[in-house]
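The values are calculated or read from the model by the stated rules, or taken from the named source; none is laboratory data. Because the structure is predicted, anything quoted here is derived from the model rather than measured. Because the Cβ atoms are built from the backbone with ideal geometry, glycine has one as well, and the counts that use them run over all protein chains shown. Ligands, DNA and RNA are excluded from the accessible area calculation, which covers all protein heavy atoms including side chains. Shrake-Rupley method; radii C 1.70, N 1.55, O 1.52, S 1.80 Å.
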Amino acid sequence: MLIVLGVVILFSIAVVLGIAINIWNYGNVDEKAPADVAIVLGAAISDGEVSPVYRERINHAITLYEEGTVDFIILTGGFGEGSYKSDSQVAKEYA
């Protein structure tokens, strides 16, 4: 019984380690390819400012544009509850 438990624990550790290695390796892969447009999905605004997640998405799209990888950027996002500006409008102002 104890041997079976040890095998199960070792197998579980090996699976988790394998998944972690795959995630680490995939994170180092650059799959950038030329495209006509980059679409930036909205990620909310707060007090008229883009959220940190949205800001980094926009910054990445700007970098792709400046490098010549994409020709255009489309910013998306609608009106949140109580907002007078859409997410995409605030993102455009930020960009």
- Rounded to whole Å², per residue accessible area for the stretch 49-88 with a 1.4 Å probe reads 67
- Item | Tail fraction, Cα-Cα pairs, the stretch 1-51, threshold 17 Å, whole percent | 68
- Mind checking which helices in the chain clear 27 Å along their axis (Cα) and have mean Kyte-Doolittle hydropathy of 0.5 or more, DSSP H runs only? 2-27
- What residue among G42, G77, G18 shows peak mean-square fluctuation when the chain is described by a Gaussian network model with Cα springs under 10 Å? G18
- Assigned charges on the beta-carbon of Lys, Arg, Asp, Glu; the chain dipole about Cα centre (debye): 320
- When the charge dipole of the chain is computed with +1 at the Cβ of Lys and Arg and -1 at the Cβ of Asp and Glu, the Cα pointing farthest to the positive end, of A61, W24, G82, is that of W24
- Over its alpha-carbon atoms, the chain yields an Rg and a Dmax in Å of 21.1, 65
- Message: So, R0 is 41 Å and r is the distance between the beta-carbons of A33 and F79; what FRET efficiency does that work out to, to 0.05?
- Response: 0.80
- Please report, as a whole percent, how much of the solvent-accessible surface of the chain comes from carbon and sulfur atoms (probe radius 1.4 Å). 64
- Task: Using just the helices of the chain, give the 222 nm mean residue ellipticity in deg cm²/dmol: DSSP H runs with n ≥ 4 each add -39,500 (n - 2.57), and the total is spread over all residues, rounded to 500.
- Result: -17500 deg cm²/dmol
- Could you please put Y94, Y84, Y65, Y54 in sequence from largest to smallest accessible area, using a 1.4 Å probe? Y84, Y65, Y94, Y54
- Message: Below 8 Å, C-alpha to C-alpha, sequence gap of six or more: please give me the relative contact order for the chain in percent.
- Response: 28
- Across 10 Å bins beginning at 0, the whole-percent shares of Cα-Cα pair distances in the stretch 50-95 come to 27, 52, 18, 3
